[in-house]
């Protein structure tokens, strides 16, 4: 299934300015792996050394908040929109 | 010929460029990325390290310091590498989801980039050393350093366990030095296979908290060292160290030890002159009495303050990576403050002027010829 992923501004610079990209997968983690396979520069931004999704990335899956640990198994369906953002810090 | 300064901040990097070192233009690049270190290779390409707390560590490269391209790889530990518990305790302040509890080792910052003998080196935290022999396209850990016995018990500094200083010997590619807060200063003489601590003569009552070390790679047996516990010099490649603080302001550390505290230390190689920005001990971390001064010495035996052009009511700090020399003649020296002002001297430190202000906290300053 194909979903639309909205990248955060700092990662758009890595992708030539693209705001959104399309990827495939049945969980958020699978989508990230698919994106990393398509665009290897993104892999080190998504996953740490232990292949965990980076701990401060937060997802909005069709507007529903999903944190990194839950993203490993969070199911998605064709046509979903996933927004990557980060845990809020500071005031 | 253009002199370009890469000034790293938590929000990107200012690039100041000048053909005469009097008139500077400024751009702000790598916007949104914390920029922590930079280096230039023998083809003139500049590498900048970024570390986002959200999106990890990466390296960008540029031939003109205007257009930057992310390299496909960055230093990373192996999945099975185990981390230092005390370092985890410090960086876990940002661990909202608790993944650090499993103890994996990871690179959370590149503290320094260093090009020598055709290779690009990265000193990182959690403390480690990596090398790229293909100009950043791939990276390999230097296991002789990263897997030293006892590293799991190395004590982190206030900012974590970071390998922040990498030095090389232009005459001997097998000899290098690495400084780690607060594990000390190490040397290899066999190309990185084995490493020996080099702290003899440095007061280590509270750990070996090396803050910065500088040398001329062409004469690398002479080293100058700004330690948490004072300023030292070695004339034997780091085998032994002597305190060299004549003329420097001395303050009392929190444990009562009196010494000259500070972070950055750089050398103008043509003259051998060394530059420091002392701070009022570890309790205060601002220039003594608020008078910002750069101290210069020809040989470490005597230091003199240079204040022309610097403010006398300044209660900020200069971080360890935030000072650089351009190695031109006469020597240019540049440093940035934690409150975002950049100063420069083009007469080997005699006088200074403000080159930029209003920047975020300045974490690194590097000078390159393009």
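Quick notes on this structure:
- When residue B:242 is tested against (1) within 20 Å of the chain's Cα centre (by Cα); (2) surrounded by fewer than 17 Cβ atoms within 10 Å (Cβ to Cβ); (3) within 18 Å of residue B:204 (Cα to Cα), only condition (1) is not met.
- Residue list for the stretch B:35-57, filter: within 14 Å of chain A (Cβ to nearest Cβ) and surrounded by fewer than 22 Cβ atoms within 10 Å (Cβ to Cβ): B:52, B:53, B:54
- Just one of the listed residues (B:329, B:351) is surrounded by fewer than 23 Cβ atoms within 10 Å (Cβ to Cβ), in contact with a strand residue (DSSP E or B) (Cβ under 7 Å, 6 or more places away or on another chain) and over 19 Å from residue B:29 (Cα atoms), and it is B:351.
- Subset of the stretch B:261-280 that is outside any strand (DSSP E or B) and in contact with a helix residue (DSSP H, G or I) (Cβ under 9 Å, 6 or more places away or on another chain) - its residue that is farthest from residue B:167 (Cα to Cα): B:280
- Qualifying residue in the stretch B:78-98 (condition: under 18 Å from the mean Cα position of the chain (by Cα) and either at pLDDT below 95 or facing chain A (nearest Cβ under 10 Å) (or both)): no
- Test: residue in the stretch A:39-62 that is within 13 Å of the chain's Cα centre (by Cα), in contact (Cβ under 8 Å) with a residue 40 or more places away in the chain and surrounded by 19 or more Cβ atoms within 10 Å (Cβ to Cβ): no
- Counted residues, the stretch B:347-364 - those being in a loop (DSSP other than H, G, I, E, B) and over 21 Å from the mean Cα position of the chain (by Cα): 6
- Out of A:4, A:73, sole residue that is farther than 30 Å from residue B:82 by Cα, surrounded by fewer than 16 Cβ atoms within 10 Å (Cβ to Cβ) and touching a strand residue (DSSP E or B) at 6+ places or on another chain (Cβ under 7 Å): A:4
- Of the criteria (1) over 26 Å from residue B:231 (Cα atoms); (2) away from chain A (no Cβ under 14 Å), which one residue B:145 fails: (1)
- Note on the stretch B:102-116: residues that are surrounded by 20 or more Cβ atoms within 10 Å (Cβ to Cβ) and out of contact with any strand residue (DSSP E or B) (no Cβ under 8 Å at 6 or more places or on another chain) total 1.
- The lone criterion from (1) under 11 Å from the mean Cα position of the chain (by Cα); (2) within 14 Å of another protein chain (Cβ to nearest Cβ); (3) buried (at least 18 other Cβ atoms within 10 Å of the Cβ) left unmet by residue A:10 is number (1).
The values are calculated or read from the model by the stated rules, or taken from the named source; none is laboratory data. All of these numbers come straight from a predicted model, not from anything done at the bench. Here the Cβ is made from the backbone with ideal geometry for all residues, glycine too, and neighbour counts use every protein chain on show.
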